[in-house]
Structures are given as structure tokens and as C-alpha cells.
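What follows is calculated from the coordinates using simple rules that are stated; it is not laboratory data. These figures come from a predicted structure and were not determined experimentally. As a convention, Cβ positions derive from the backbone with ideal geometry for all residues, glycine included, and neighbour counts pool all protein chains shown.
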Amino acid sequence: MEMRLYDTLSRETLPLYAADGKRLRMYACGPTVYGPAHIGNFRTFSLLDVLRRTMEIAGLNPLYVRNITDVDDKTIKGSAKDGTSLYEFTRKWTEKFHADCALLDLIVPDVEPRATEHIPEQVAIVEKLLASGHAYVGGDGSVYYRVACFCEYGKLSHFHPEELQTQDTNSAGKANSADEYDREQVADFALWKARKDEDGAVHWPGPRNPDTGLAIEGRPGWHLECSAMSIKYLGESFDLHAGGEDLCFPHHENEIAQSEAATGKPFSRHWMHCVHLLAEGKKMSKSLGNFYTLADLVAQGYDARAVKYLLISSSYRSQLNFTVANLKGAESALKKLDKGINSLLAKAGIGREEFESEAIARADAADALGTPFGPAIAALFDDMNTAASLGALWNALRDDSSASRAALSALKTVLYALGIQPIPSKDEELGADEAPEEVVSLAQKRWEAKQARDWGAADTLRKQLAELGWTILDRKDGWSLKKG
Ligand SMILES: [Zn+2]
């Protein structure tokens, strides 16, 4: 059975395959490392992790390249504000990004190139484009891409250059600072930005100006790095390019234009875009107070596994509403998942350790399909429908015929693909549905007393709970219970 995925370029759901018959070559736009990545970024990275894992199960042998954007307006500004070098500043945020990825159990990409370590590759593309007339030196000394020279411009996003008011060239979505008189047309975008005072020490000797023969000092434009690094590690034509939906235009459109003009070959064959999330029903923003980072959520006592579960709980093509209530729902779903697996193992007479050991091997896709967990795999193969896959996983857990060794092998495959590992909790916190009614009612009363700032009453209720053998654990926005 083949794995199929919607392709933004052709607007069709197409089979995924490795053109070279060996490895499926996949590139994803990575983070800009100037601050903590937010959960919207991690929704894309978590979904791409499911994609990478499912491709592995489908036998596509993925070669996964995801870049680090370590030079742009925001990283330069951030390092200046911190009083550190761009290198130190972006290393610090790269490490934090990696720590978050580890908490979410995301598989490390095969190659994770940094923009600043690929300047010569970027300069070479600009020089090629200058030589062929696809690029020109603008009024401000920067090098621009001549969009009018690429008749297929707009084929991915269906945007037409003549409809454009301006070309955004930074990853913050802010308008290009270049005066429009610096460019021939508003649609043209910067390939190489001439050195400015505010760039401080951040500049390289760039492409040669064809008129003067002199190198143009400056730094690469944001779009250029992805073309240079994907081509370097995956070849001039590769199988799949992915990213968040906001990158489709202009970033990915520009990647196609500059790469195809430079190589004369089709760039990525297949394009995948993950739909962004809403937080508490609105677009996430710091001013609305609905801006979540993983570190914030973990500090509030939420389990990173639950964050991931919630992030992948809606398909990559539908919008997810990330709310605190949904996150609590994801936490209790994971507890039920752990319990469901435990009871299945008990039925099968297999211990937890044996299940986790190699004694129960992950089933390959074909074998898994024939078990009650088959529909959970099939849903991932069918345009990576993570929501349907989770639904099918729950159905199979309730199915008595799932307690066979073959089915348990298939369960391991599903859990691997989704990247959600159940944890048998020894020191389990219990939700309101598991503690006796009397205990829940006392816990609720104590919460209300705390909300009313009646510390005396809250303390008395805490002692009453302790006498009944329960500890109440405070959370930022509620409570949970622990035995003992
Ligand atoms: Zn990119």
C-alpha cells in the first residue's frame, strides 16, 4: 500500500516516492533562532515528524533536511540587544530549540544546516542569476531577483506578480525596508542585501557586481538559504518540500523561482503545507495573551507528551484550536491510552517490559494492516490524517481481538508513527474521574477557597484530604490528586 499526500503545487493527492528509488529526499524550512519557538511552530515540526516516521514505515527511507535560519533582521537585532555576537546569540536559541524538540520526542533530521555556514553556496546561486539576467543590482546596491523573467512565478501559491503590492523579504512578514525605487518592480525580492550600518559585524564578501567586478559586501536574503541548502544536500531536483502554510507565499514561491532559474531543472516535485493553529480561538499573539511556548506550558505543569498529542490531534490540513481545556483533554486522553495499553497487555499475558523490549518487534506496514490497528496506519498513509489515525487507535484499543502478539506489534508501529510513547506511570496523578467522590468534592472546595483567598479554609481542606490519604497538587489553573 502506498502513502499518499496532498500536493500544493498540482493541487492533487499524489503518491509519495523516491525518484532515485533509494531515499525520499525531503526538505523542511526550520526555525529562525532569535527566541523560543512557539507551539504554532511546533505543530508544524510535530506533524513533519509524524510524516518522517510514517515514510519510514512505508519503506520510503526518508532523507530529512531541516535548516536553521541564523541570520536575518530579527537575529541581528536580537544579538545587538543582548550585546553578544550573532553566533553566540543564535547558538543559544538553537540549543533551546533542540531541547524543546527532545521534549516532544521529535526525530533529529539527518542534516540540519545553518544559513551562515553556507554563504559560498548562496553567493554562487546569486552569481549564476546575475550572469543569466535573472537578477540585477538595485539602486541600494543589493541584488534583486527579476520576477518578470520567470514566467512560472506564482505556480505554487497561484499569486500573480502583477497583483502584488510589495514583496515581503523577511521572515517576520514585515515589508521589505528597501525603497521601491531600488527595485525594477515591487514583486522583485532581495537575493543579497548590501551591508548597512545596523548589520554591525554581520557581513560577508558577497557576489561580484557584474559592472564593477567587485564583491558586494552584505548578507543573504532569507529565501536564498533554503534553495542553497536543499540543493546542496538533496540535489537540484528532489522529492518533497514542506513547511507551514504561511511560507507558501512568498518564501516557497521565491525558492522555486530562484532555484529553477539557476539550475534549469524542476526544484521540489511535491509540496506540503501544514495549516496553522489558533490559540483560544484566535491567531496567536503576545498582545492577546494567547502566545504559548513549550517551556511556559511545561513550567505550568503540563506534560510535553500532551502538548504533542494535542498538536497532532487535528489533520495537517485542518485548523487546530489550541486551548487550555483541550490540553487538559489531551492529558486525560494520554492517561487513558496508558491504561488501555496496560489492560491489553494484561489480557495478552505480556508484561510491560516485554512489550517495550525487542521481544515484541514493530510490525511492518503490510503486517500491521491486517490487525485491528491497521486502520490507524491506513489513515496515516491516506494523506496523513492524524485525527483519523488517533480515532482508529482508540477503536482498536477497545477491541478484544487486539490482545494478540501480532496486534501488539502493530500497536508498536502505530505508536512509533505518531511519535507518542505511552509511559506506565508509577506515581500516577489522578484526574477527577478516578478519585472517590468525597475526595473530589473536598479538592474542589479547597480550590474554590483558594480562589477566594480564604487561606485558612484551604489549609483545613488540604489536611482533611491528607487524612483520607490524598495529596492535592496545585496547578496554575486547577488541581490534581495523588494517592499518599
Ligand atoms: Zn525555507
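Which aspartates and glutamates have a Cα lying under 16 Å from the Cα of Lys450, excluding residues fewer than 8 positions away in the same chain?
Asp459, Asp474, Asp477
Once Rh for region 321-447 is found with the Kirkwood sum over Cα pairs, what is the Stokes-Einstein diffusion coefficient at 4 °C and 1.567 mPa s, in µm²/s?
Details: Rh = 15.9 Å.
Using the Kirkwood radius from Cα pairs, D works out to 82 µm²/s.
With a Förster radius of 45 Å, plug the Cβ-Cβ distance of Glu358 and Ala457 into 1/(1 + (r/R0)^6) and report the FRET value to the nearest 0.05. Provide the component values of the computation, followed by the final result.
Details: r = 54 Å, r/R0 = 1.20.
Given R0 = 45 Å and the Cβ-Cβ separation, E is 0.25.
Take the residue pairs Lys336/Lys463; Lys308/Lys483; Lys74/Lys96; Lys308/Lys463 and return only those whose Cα atoms are more than 25 Å apart. Present the calculation step by step, with values, prior to reporting the outcome.
Numbers: Lys336/Lys463 29 Å; Lys308/Lys483 27 Å; Lys74/Lys96 17 Å; Lys308/Lys463 36 Å.
Checking Cα-Cα distances, Lys336/Lys463; Lys308/Lys483; Lys308/Lys463 exceed 25 Å.
In whole Å, how far is the Cα centre of region 1-49 from that of region 76-122?
20
Give the cross-link partners of Lys81 among the aspartates and glutamates, using a straight C-alpha distance below 18 Å as the criterion and excluding same-chain residues fewer than 8 apart.
Hits, sequence-local ones excluded: Asp70, Asp72, Asp73, Asp197, Glu198, Asp199.
How big is the C-alpha Rg of region 33-138 next to the rule-of-thumb value 2.2 N^0.38 Å, as a ratio? Please list the in-between numbers first.
Values: Rg = 17.0 Å, N = 106, 2.2 N^0.38 = 12.9 Å.
After normalising by residue count via 2.2 N^0.38 Å, the value is 1.32.
Calculate how large, on average over all directions, the projected area of the Cα convex hull of region 4-274 is; give the answer in nm² to one decimal.
On the way: hull surface 54.5 nm².
Its average projected convex-hull area is 13.6 nm².
How long is the chain along each principal axis, judged by its Cα atoms, biggest number first, in Å?
For the chain, the Cα extents along the three principal axes come out at 85, 57, 37 Å.
Rank the residues Asp199, Asp211 as a footprinting-exposure proxy: fewest other Cβ atoms within 10 Å of their Cβ go first. Intermediate values should be presented prior to the final figure.
Details: Asp199 18, Asp211 8.
Ranking Asp199, Asp211 by Cβ neighbours within 10 Å, fewest first, gives Asp211, Asp199.
Gain in length, Asn395 to Ser285, computed as 0.36 nm per residue apart minus the alpha-carbon separation, to one decimal in nm? Don't skip to the answer; put the middle values down first.
Working: separation 110, 0.36 × 110 = 39.60 nm, distance 3.68 nm.
Additional length available on full extension: 35.9 nm.
Aspartates and glutamates within cross-link reach of Lys282: Cα-Cα under 19 Å, excluding same-chain residues under 8 positions apart?
Glu245, Asp246, Asp296
With an 8 Å cut-off on Cα pairs and a minimum separation of 6 or more residues, tell me the relative contact order of the chain in percent.
Relative contact order here is 16 percent.
Pull up all non-local amide H partners of His276: gap of 5 or more, or a different chain, and H-to-H distance under 5 Å with H placed in the peptide plane.
Here the answer is Glu245, since their amide H atoms fall under 5 Å of that of His276.
Sort 41-49, 374-382 by the packing proxy (mean of other Cβ within 10 Å over each peptide's residues), most packed first. Please report the intermediate quantities before stating the final value.
Numbers: 41-49: 24.6, 374-382: 22.8.
Peptide ranking by packing, descending: 41-49, 374-382.
For the pair Glu467/Phe159, report the inter-label distance in nm, with labels modelled 7 Å from Cα in the Cβ direction.
So the two model labels end up 6.8 nm from each other.
Simple spin-label model, 7 Å along Cα-to-Cβ: Lys336 to Lys81 in nm?
Each label point is offset 7 Å from its Cα along the Cβ direction, giving 4.2 nm.
Between Trp479 and Leu214, what is the spin-label point distance in nm, taking each point 7 Å from the Cα along the Cα→C-beta axis?
Computed distance between label sites Trp479 and Leu214 equals 7.3 nm.
Given 0.36 nm per residue, what is the gain on full extension from Thr263 to Phe249 after removing their alpha carbon distance, in nm? Intermediate values should be presented prior to the final figure.
Working: separation 14, 0.36 × 14 = 5.04 nm, distance 2.11 nm.
That works out to 2.9 nm of additional length.
Got the relative contact order for region 178-263 handy, in percent, Cα pairs under 8 Å and 6 or more residues apart? Present the calculation step by step, with values, prior to reporting the outcome.
Details: 65 pairs, mean separation 20.7, N = 86.
About 24 percent, as a whole number.
Where in the chain are the helices, taken as whole DSSP H runs, whose Cα atoms extend 24 angstrom or more along the long axis and whose Kyte-Doolittle mean reaches at least 0.0?
39-57, 324-348
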